[in-house]
1. What spacing in nm lies between the two simple spin-label points modelled at residue 164 and residue 88, each 7 Å away from Cα in the Cβ direction?
2. On a 0 to 90° scale, report how tilted helix 175-184 is relative to the longest principal axis of the chain, with both axes built from alpha carbons and the result rounded to the nearest 10.
3. Please determine, in degrees from 0 to 90 and to the nearest 10, the orientation of helix 17-28 with respect to the longest principal axis defined by the Cα atoms of the chain, where the helix direction is its Cα long axis.
4. About its Cα centre, what dipole magnitude does the range 80-166 give when the only charges are +1 on Lys and Arg Cβ and -1 on Asp and Glu Cβ, stated in debye to the nearest 20?
5. Taking every pair of alpha-carbon atoms in the chain, what share in percent sits in each 10 Å bin, from 0 to the bin with the longest distance?
6. Rounding to the nearest 10 and keeping the result within 0 to 90°, find how far the Cα-based axis of helix 51-66 lies from the longest principal axis of the chain.
7. Provide the three semi-axes, in whole Å and in decreasing order, of the ellipsoid equivalent to the range 20-87 as defined by the square roots of 5 times the Cα gyration tensor eigenvalues.
8. Show the residues, 5+ positions off or on another chain, whose built amide H is closer than 5 Å to the amide H of residue 168.
Amino acid sequence: MKEPKDTRVVVGMSGGVDSSVAALLLKEQGYDVVGIFMKNWDDTDENGVCTATEDYEDVIRVCNQLDIPYYAVNFEKQYWDKVFTYFLDEYKAGRTPNPDVMCNKEIKFKAFLDHALSLGADYLATGHYARVRERDGRVEMLRGVDENKDQTYFLNQLDQEALTKVMFPLGDIPKPEVREIALENGLATAKKKDSTGICFIGERNFKEFLSEYLPAQPGKMETLEGETKGEHDGLMYYTLGQRQGLGIGGAGDPWFVVGKNVSENILYVGQGFDHEALYSDSLIAVDMNWMDNRVPEDSFECTAKFRYRQKDSKVTVHPLTDNRIKVVFHERERAITPGQAVVLYDNEVCLGGATIDEVEKNEEPMQHVG
Ligand SMILES: Nc1ncnc2c1ncn2[C@@H]1O[C@H](COP(=O)(O)OP(=O)(O)OP(=O)(O)O)[C@@H](O)[C@H]1O
């Protein structure tokens, strides 16, 4: 094991408070730290200011404060090809993609990691809230200690190759303490607001953004019994279980999206949060990434998350052929959404994740949902 001073760590710096503190902590521990800002998206906000330029200026300020070298790299082409194209294709197919999972898999922990290694780095560090530890010659990924901020859901596609090369300096620290550290050290980003939303969309209106890239195809909004309830603006603007933006008036419980028929361009709606059509018993997921590289031979019980910041649910997992899994829920789940990730956990350890492909009901196969 090399001494910290002989260990070069590239820190992926976004210009936010988390990666600033990650760089600070590594520097304090004596590592040879280099800050790199990655530009993935060419954009200007409504005032004509490029948000990436502003973020990079913050990276420069922090790196100067920490007295570490910095620079910027451009991954716009890779991001477009690997993340944005997937994002649009998924919406076209009527699914709800997760670009953050894909960005971590293809960009941050592949293209960017390779770039860092080619610069002689021993490790790539980020400000993600997750932990890694070695066990029996393999690296495990554990949840961040701050339950509210744990980001392992988005990191479910990392493989051993990446895991042996990453550092997550914030994994053991609760977020409020990270802010505190930034303030105490007077970091230029100490008071910067946390970023929200999908990175390339930012705070913008999602509908407006998507309509710039995909033609909207309005169609009928119907109940599952075939009663027309109005028009939808395009199936891609709606996700399963969504309540907002349907504009259906009248008496009774609020209305929710309960299904989509992509070939006929119909949006199914139903009344009540707990509408029966939203509930399912199991799912089939594809592209399963077993984080420890070993495919289990038998079925097993564990817990799972079907979306970020959701409480874990108890499930039984059946490994299938072609990297697919069947996940059976111990209690029925609401609004399981194709395109989103299902991520498996054994207590603190993240076992890996897959992309939800089909949603199943016990009584009968579910009809063309999502
Ligand atoms: N443009 C970028 N260039 C380099 N690294 C990045 C960039 N964007 C994100 N990262 C890295 O990925 C981590 C997680 O990104 P995410 O967008 O979830 O950030 P965050 O939780 O808002 O963190 P931060 O406060 O550092 O922006 C960041 O902490 C950073 O290390």
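1. 3.8 nm
2. Helix 175-184 sits at roughly 30 degrees to that axis.
3. Tilt relative to the chain: about 30 degrees.
4. 80 debye
5. 5, 22, 30, 25, 14, 4, 1
6. Computed tilt is about 30 degrees.
7. After diagonalising the Cα gyration tensor, the semi-axes are 27, 16, 9 Å.
8. Sorted by chain and number, the residues that satisfy this are 132.
The values are calculated or read from the model by the stated rules, or taken from the named source; none is laboratory data. Treat the numbers as computed from the prediction; the structure is a model and nothing was measured. Cβ sites come from the backbone with ideal geometry, for glycine too, and all protein chains shown count toward neighbours. When the accessible area is computed, the model is the full protein with side chains, heavy atoms only, and any ligands, DNA or RNA have been set aside. Shrake-Rupley method; radii C 1.70, N 1.55, O 1.52, S 1.80 Å.
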